[in-house]
Every structure is written in structure tokens, then in C-alpha cells.
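Undergrad: Mind looking over this structure? Questions follow.
What follows draws every value from the coordinates through simple rules; no lab data is involved. The model shown is predicted, which means the values in this text are computed figures rather than measured ones. Note that each Cβ is placed from the backbone with ideal geometry, even for glycine, and that neighbours are counted across all protein chains shown.
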Amino acid sequence: MPQEKHRKIIIIGAGPAGYTAAIYAGRANLKPMIIQGMQPGGQLTITTEVDNFPGFEHGIQGPELMEKMRMQAERFDTEIISDSVTEVIMQQRPFQIKLDSGDIYTCDALIIATGASARWLGIPAEKRLSGYGVSACATCDGFFYKGQDVAVVGGGDTAVEEALFLTNFVSKVYLIHRRDALRAERVMQQKMEENKKITPVWNSVVEDILGEPGKGGVHAIRVKNVHNGAVTDIPVTGVFIAIGHNPNTAIFGNQLDKDDSGYLATKPDSTATNIPGVFAAGDVQDRHFRQAITAAGTGCMAALEAERYLNELEGAATRF
Ligand code: NDP
């Protein structure tokens with residue numbers, strides 16, 4: 001039988017929200033524990049230059065920023081463990097967290113900062129050709145496409161950022177978007193327009209990705225024009241899907257309230273969920289902004305609210 005280990009406060013997730021929560025909880029003497037999963041540091045570890053996080057006037061690389069946050073959290077006595085959470089039971093006190101290793105932790109306050117993961121189109125070719133020309137991370141895989149033609153699917157900041165990044169290596173990037181207007185910030189759009197290596201393919205959806213894993217991988221992307229139905233095969237060797245993210249909430253089942261898009265619901269001006277003592281911060285509860293700085297901000301809020309909650313719990317325990 002695995003033994004339960006108790007902590008006052010546990011934070012699940014090690015992105016900007018999780019680390020900021022840990023820094024605040026650590027400074028409040030709560031000795032927080034972070035459980036970091038398969039992607040410590042979160043989405044910023046697969047990004048390149050971060051130019052909009054205040055305090056770095058010349059920008060900073062995503063992985064370096066996350067490393068700094070980790071070291072800062074550890075300076076304030078944060079214990080960080082690497083394991084995957086398999087189940088969280090919130091219907092009992094203390095809350096119980098089961099890990100892949102078999103370890104079980106309990107805690108009085110829980111901060112959920114599990115972030116969000118890349119969304120896929122849902123066509124069979126994505127799975128079949130994953131690792132053979134299909135990717136959701138240009139920063140991770142772009143280098144392999146030196147001198148080749150590739151496609152990026154999507155019209156938001158991620159898609160444009162990935163397309164721009166890829167132009168450092170590839171000959172040509174087709175940006176395939178289902179509408180004729182980008183969702184990306186104006187400044188990103190301008191950079192894209194100025195970049196001769198990027199060719200937009202407007203009003204087009206992906207029908208298929210052509211190629212076989214053992215036979216050289218991807219060799220074309222099949223797109224359909226949504227207005228006239230015309231189908232075109234564009235020869236490319238790489239396809240990068242950049243159509244947004246889904247919040248990582250599967251391990252919580254139906255215990256927590258969610259909004260229509262599956263993001264964890266929190267009370268107005270608060271990170272409190274529908275279960276007292278459980279707080280949610282960062283991309284897992286933010287469908288609107290999804291920025292590192294807003295994640296950090298809600299991480300701070302979650303720690304302050306958790307501290308208040310724990311004080312009230314202790315007060316109640318000494319009163320009775
Ligand atoms: P977004 O949700 O902003 O954009 C997703 C894009 O993918 C949209 O253009 C959308 O089309 C398209 N899309 C969605 N589903 C499909 C589908 N099934 N088929 C085809 N196309 C689809 O996600 P991002 O990841 O781009 O950005 C998320 C957040 O992160 C945003 O707030 C963004 O500003 C931020 N961000 C900021 C960066 C920065 O500041 N450097 C860098 C990256 C992201 P449509 O437009 O038609 O809905």
C-alpha cells in the first residue's frame with residue numbers, strides 16, 4: 001500500500017502560473033510543492049524569443065525565462081517533483097492526488113495550473129504522419145526542414161509566429177487559413193506581409209496530408225477552397241498545425257465546473273473554483289488572453305487566495 005504524504009499546498013503544473021503561485025506561496029512560508037508533468041516549464045519551453053514579458057528589455061528565450069522562474073520558486077523553498085498526476089480526488093478532505101509512480105499526496109489547498117495543449121485538426125493523416133512531417137511545434141522541429149517547402153495551418157499569433165520562425169530555415173512557407181483575415185496581432189501580420197518567404201493560402205481548409213511514414217513522410221498537403229470547393233495539392237515536406245489549444249483538464253473528470261469551451265470556471269475576480277480550497281490559474285482557466293504574463297498574474301492570485309483559505313481553515317480549527 002503506498003503511503004500518503006501530506007503538504008499544505010500543492011500546485012499541479014510548472015508553467016508561468018504554477019511557478020508564480022509557488023513563489024508567492026513560498027514567500028508566505030507555506031512550503032509549496034509543485035508536481036510538474038511531462039512538459040516542465042509549459043508552452044514557453046517550446047517557444048523562442050519572448051518579447052512581451054516585462055523586465056527583459058531585449059527579450060528573453062522562452063526556456064531561459066522558465067528556468068529563471070524555476071530557480072526563483074526554489075529559492076523560496078518550493079519542492080518540485082517530476083511525475084504525472086493520474087487522478088485527483090476533491091470530494092474529500094484533505095484532497096488526494098495520485099501519481100503515475102504510485103505515490104499519493106494529500107493537501108489542504110490545491111492550485112491547478114495544468115495549462116493547455118496544442119489542438120489538432122482531427123484528420124487521420126495527422127496521427128499517421130506525426131513525426132514523419134506533421135508537427136505542432138515549429139520551434140522543436142523546424143530545423144529539420146532546412147531548404148524545403150512547408151505549410152503552417154492556422155491564422156492566430158501562434159501560426160504567424162511559427163511561420164516567421166520557419167523562414168529562418170525553409171525556402172517557402174504556405175500559411176493555410178480558413179478565412180481571408182488573420183486573427184494574429186497587427187504587428188505580427190505586418191512582419192508576415194514583409195516576409196517574402198511566406199505565401200498565404202486564404203479561405204482554405206485541410207482535406208488531407210499526403211505521404212507515408214516509411215516512404216519519405218509528407219510530400220503534399222491537400223486543401224479545399226471553402227468558397228468554390230476547388231481542391232489543390234500543395235507540395236510540402238512538413239506540415240505544422242497551429243490552430244490553438246485545449247485546456248488540460250482530463251485528470252479532474254467532472255469534479256470541477258467548466259465553461260462551454262472546457263476551460264475551468266472560476267468565480268469573478270478570483271481563481272476560486274466551485275470546490276472550496278481548489279484554485280485554478282493560467283491557461284487552464286483563461287480562454288481569452290492566454291499570455292505568459294496573465295498566467296503569472298493569476299498564479300499570484302491563486303497563491304494569495306489559497307493562503308487566505310488556509311488561514312481561515314486554521315482559524316476554524318483553533319476555534320473548535
Ligand atoms: P487562436 O485561438 O488565437 O487562433 C487559432 C487559429 O486557428 C485561428 O486563426 C482559427 O481560425 C484557426 N483554427 C482553429 N480551429 C481550426 C480548425 N479546426 N481548422 C482550421 N483552422 C482552425 O490560437 P493561438 O494559438 O494562435 O493563440 C492563442 C493565444 O496565445 C492568443 O491569445 C494569442 O494572442 C496568444 N499568443 C501570443 C503570442 C505572442 O504574443 N508572441 C504568440 C502565440 C500566441 P479563425 O481565425 O477562423 O477562428
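Undergrad: At 0.36 nm per residue, and after removing the present C-alpha to C-alpha distance, how many nm does the segment from D100 to E49 gain when stretched out fully?
TA: 15.0 nm
Undergrad: In region 39-125, what GluC sites (Glu not before Pro) fall in a loop by DSSP, with at most 13 other Cβ atoms inside 10 Å?
TA: E57
Undergrad: Let me ask you something else. Whole-Hz Karplus ³J(HN,Hα) for region 241-254, in order, using 6.51 cos²θ - 1.76 cosθ + 1.60 and θ = phi - 60°, x for Gly and Pro?
TA: Listing the rounded values in order: 8, 9, 10, x, 9, 10, x, 8, 10, 4, 5, 9, x, 9 Hz.
Undergrad: Between region 9-76 and region 113-190, what is the C-alpha centre distance in whole Å?
TA: Value for the Cα centre distance between the two parts: 25 Å.
Undergrad: Multiply the residue gap between Q72 and R222 by 0.36 nm, knock off their C-alpha separation, and tell me the result in nm, one decimal place.
TA: Length gained, Q72 through R222: 49.3 nm.
Undergrad: Evaluate the Debye formula for the chain with equal point scatterers sitting on the alpha carbons, no solvent, and hand back log10 of I(q)/I(0) at q = 0.14 Å⁻¹, in q order, two decimals.
TA: -1.06
Undergrad: So which residue, out of G13, G133, G253, gets the largest mean-square fluctuation from a GNM of the chain using Cα contacts under 10 Å as springs?
TA: Checking each option, the largest mean-square fluctuation is seen for G253.
Undergrad: Note down the relative contact order for region 153-298 as a percent, whole number, built from C-alpha pairs under 8 angstrom at least six residues apart.
TA: It rounds to 17 percent for region 153-298.
Undergrad: Hey, another quick one. What percentages, rounded to whole numbers, describe P(r) for region 170-266 computed over all alpha carbon pairs with 10 Å bin width beginning at zero?
TA: Cα pair-distance distribution for region 170-266, in percent: 13, 32, 28, 21, 6.
Undergrad: Would you kindly state how much longer the chain becomes between N254 and Q190 on full extension, computed as 0.36 nm times their sequence separation minus their alpha carbon distance, in nm to one decimal?
TA: 18.8 nm
Undergrad: On to the next question. Describe numerically, in nm with one decimal, the distance between label points set 7 Å from Cα along Cα→Cβ at Q39 and at E207.
TA: Using points 7 Å along Cα→Cβ, the separation is 3.1 nm.
Undergrad: Here's another thing I want to ask about it. DSSP beta bridges in region 1-94, what fraction antiparallel, as a percent rounded to 5?
TA: Of those bridges, close to 20 percent are antiparallel.
Undergrad: What are the semi-axes of the equivalent ellipsoid of region 59-132, taken as the square roots of 5 times the eigenvalues of the Cα gyration tensor, listed largest first and rounded to whole Å?
TA: 29, 23, 12
Undergrad: Compute the distance in nm between two label points, each set 7 Å from the Cα along the Cα-to-Cβ direction, one at E4 and one at I293.
TA: Modelled inter-label distance: 4.2 nm.
Undergrad: Ok, one more. If packing is taken as the mean number of other Cβ atoms within 10 Å per residue, what is the order of 202-209, 97-104, highest first?
TA: Ranked by mean Cβ neighbours within 10 Å, highest first: 202-209, 97-104.
Undergrad: Could you state, as a whole-number percent, how many of the C-alpha pairs of region 96-183 are farther apart than 20 Å?
TA: Roughly 51 percent, rounded to a whole number.
Undergrad: What is the set of long-range amide H partners of G41 at a cut-off below 5 Å, with H atoms built 1.01 Å from backbone N?
TA: For G41, whose amide H was placed from the backbone, the distant partners under 5 Å are A14, G15.
Undergrad: Further question: Can you give me the orientation-averaged projected area of the convex hull built on the Cα atoms of region 1-138, in nm²?
TA: Taking the Cα atoms of region 1-138, their convex hull projects to 10.9 nm² on average.
Undergrad: Continuing with the same structure: What order do you get for 239-251, 141-153 when each peptide is scored by the mean count of other beta carbon atoms within 10 Å, highest first?
TA: The most tightly packed comes first, giving 239-251, 141-153.
Undergrad: Compute all pairwise cysteine Cβ distances in the chain, then list the cysteines with no distance under 4.7 Å to another cysteine.
TA: So, C107, C300.
Undergrad: List the pairs from K5/K258; K127/K172; K98/K127; K8/K258 whose alpha-carbon separation is above 27 Å, in the order I gave them.
TA: K5/K258; K98/K127
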